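Chemist: Quick one: the structure is below, questions incoming.
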Amino acid sequence: MKKAAGILLLFGSLHAAAQQVNVNQFGPNKIEGSNQIAVGGYTQYENQPYVSEQWGQGFLRSTNGKWYLSDALNYNAYTGKPEFREGEKVYQSRFEVTAFVLGDTLSGKKYRAGFPAVDQQTPASFYEVLSDGSVKLVRYVKASLMDVTSFNSATKQKRFDFNESYYVVRPDQKIIRVKKDKKSLLEALPEQAARIEEIAASRKVKLKNWEEIRQVLAELP
């Protein structure tokens, strides 16, 4: 029940109920894999496309609002999908995922789809939700696969390069990319500019890093 209550607090807008969290993943709501993620036999990868080095417990929410538990969950920033591991095999869920949590429901990283299209992203793209108030701060991570094969090498060598971008989602649901400075933030949120200045002054922060920005946005009414 504590896990379910945590989801209620962190995803209040999703209206998750305690009975919707199935902690027995070997029951009827067990996450089922579709195609196993394959790796080419003649290609070496310098790194992996996942946002976390460790696979740990997590939760996924389906379109019907039910939450599902995975003992080994991660987010693939190359495919743009959460993936779960069973033994040495990695799978994507057969059902459509609208949100997921990496870690426990209180302190884990929370990801959500459904935001307006912007840049190269669509409403199906997942963002990490850093601040979930009236103005949201979200982070988008994308991995690109680079060919770093040495000249005359018989084995292909590839590396995943990660790029991240930050956005604010305004109360009118407009999503705007922002930089890590006060000027960019105030330009994206002109209606809240005065209040942002007040909160930053009271906290004695200069809004030059994402944690300071997250804290200030979290206090907006």
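Chemist: Being in a loop (DSSP other than H, G, I, E, B), in contact (Cβ under 8 Å) with a residue 60 or more places away in the chain, surrounded by 12 or more Cβ atoms within 10 Å (Cβ to Cβ) and within 17 Å of the chain's Cα centre (by Cα): is that true of PHE115 here? Give the derivation first.
Modeler: Details: in a loop (DSSP other than H, G, I, E, B): yes; in contact (Cβ under 8 Å) with a residue 60 or more places away in the chain: yes; surrounded by 12 or more Cβ atoms within 10 Å (Cβ to Cβ): yes; within 17 Å of the chain's Cα centre (by Cα): yes.
Yes: the conditions hold for PHE115.
Chemist: Residues to consider are THR105, THR79; find the one that is assigned by TED's automatic domain parsing to the domain that holds PHE160 and in contact with a helix residue (DSSP H, G or I) (Cβ under 8 Å, 6 or more places away or on another chain). Show your work before the answer.
Modeler: Numbers: THR79 fails: in contact with a helix residue (DSSP H, G or I) (Cβ under 8 Å, 6 or more places away or on another chain).
After ruling out the rest, the residue left standing is THR105.
Chemist: Which pairs turn up if I take residues in segment 40-61 that are farther than 10 Å from TYR75 by Cα and look for partners that are part of a loop (DSSP other than H, G, I, E, B) and of a type in the set (Ser, Thr, Tyr) with beta carbon separation below 7 Å, at least 6 apart in sequence or on another chain?
Modeler: As it stands, the answer is TYR42/THR155; GLN44/THR155; PHE59/THR105, since those pairs meet every condition given.
Chemist: Tell me which residues, restricted to segment 187-209, are assigned to a helix (DSSP H, G or I), in contact with a helix residue (DSSP H, G or I) (Cβ under 6 Å, 6 or more places away or on another chain) and surrounded by fewer than 17 Cβ atoms within 10 Å (Cβ to Cβ).
Modeler: Scanning segment 187-209 gives a single hit, ALA193.
Chemist: Continuing with this model, one more query. Identify all residues within segment 174-212 that are more than 18 Å from the chain's Cα centre (by Cα) and either under 23 Å from GLN121 (Cβ atoms) or of a type in the set (Phe, Trp, Tyr) (or both); write none if there are none.
Modeler: Just the residues of segment 174-212 that are more than 18 Å from the chain's Cα centre (by Cα), to begin with: 174, 179-209, 212.
LYS174, LYS179, LYS180, ASP181, SER184, LEU185, GLU187, ALA188, LEU189, listed by residue number.
Chemist: Where residues in segment 92-107 are assigned to a strand (DSSP E or B) and of a type in the set (Ser, Thr, Tyr), which of them is farthest from the chain's Cα centre (by Cα)? Quick ask: steps written out before the conclusion?
Modeler: Residues of segment 92-107 that are assigned to a strand (DSSP E or B), as a first pass: 93, 97-102.
Retained after the next criterion (residues that are of a type in the set (Ser, Thr, Tyr)): 93, 98.
Details: SER93: 16, THR98: 11 Å.
Filtering first and then ranking leaves SER93.
Chemist: For segment 143-173, name all the residues that are out of contact with any strand residue (DSSP E or B) (no Cβ under 9 Å at 6 or more places or on another chain) and not aliphatic (A, V, I, L, M). First the steps, then the outcome.
Modeler: Our first condition is that a residue be out of contact with any strand residue (DSSP E or B) (no Cβ under 9 Å at 6 or more places or on another chain); within segment 143-173, this holds for 151-154, 171-173.
Answer for segment 143-173, where residues must be out of contact with any strand residue (DSSP E or B) (no Cβ under 9 Å at 6 or more places or on another chain) and not aliphatic (A, V, I, L, M): PHE151, ASN152, SER153, PRO171, ASP172, GLN173.
Yes or no, residue by residue, for (1) among the hydrophobic types (A, V, I, L, M, F, W, C); (2) closer than 27 Å to LEU145 by Cβ; (3) modelled with pLDDT of 95 or more:
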| site | (1), (2), (3) |
| --- | --- |
| LYS30 | no, no, no |
| ASN35 | no, yes, no |
| TYR45 | no, yes, no |
| ASN64 | no, no, no |
| TYR68 | no, no, no |
| ALA77 | yes, yes, yes |
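Chemist: Can you name the residue in segment 45-91 that is among the β-branched types (Val, Ile, Thr) and not in a strand (DSSP E or B) and, of all such residues, is surrounded by the most Cβ atoms within 10 Å (Cβ to Cβ)? Let's see the steps before the verdict.
Modeler: Narrowing segment 45-91 to residues among the β-branched types (Val, Ile, Thr): 51, 63, 79, 90.
Adding the requirement that they be not in a strand (DSSP E or B) leaves 51, 63, 79.
On the way: VAL51: 19, THR63: 9, THR79: 12.
Checked segment 45-91; the qualifying residue surrounded by the most Cβ atoms within 10 Å (Cβ to Cβ) is VAL51.
Chemist: Filter segment 126-138 for residues that are outside any strand (DSSP E or B) and more than 9 Å from the chain's Cα centre (by Cα); which is nearest to LYS180 (Cα to Cα)?
Modeler: First, pick out the residues of segment 126-138 that are outside any strand (DSSP E or B): 126, 133-135.
Still in the list and also more than 9 Å from the chain's Cα centre (by Cα): 133-135.
Values: GLY133: 19, SER134: 20, VAL135: 16 Å.
Looking at residues that are outside any strand (DSSP E or B) and more than 9 Å from the chain's Cα centre (by Cα), I get VAL135.
Chemist: Does VAL135 meet the test of being more than 27 Å from PHE95 (Cα to Cα), at pLDDT below 95 and β-branched (Val, Ile, Thr)? Break it down stepwise before answering.
Modeler: Details: more than 27 Å from PHE95 (Cα to Cα): yes; at pLDDT below 95: no; β-branched (Val, Ile, Thr): yes.
In short, no.
The values are calculated or read from the model by the stated rules, or taken from the named source; none is laboratory data. A quick note: this is a predicted structure, and the numbers were derived from the prediction, not measured. Ideal geometry is used to build each Cβ from the backbone, glycine not excepted, and the neighbour counts take in all protein chains shown.
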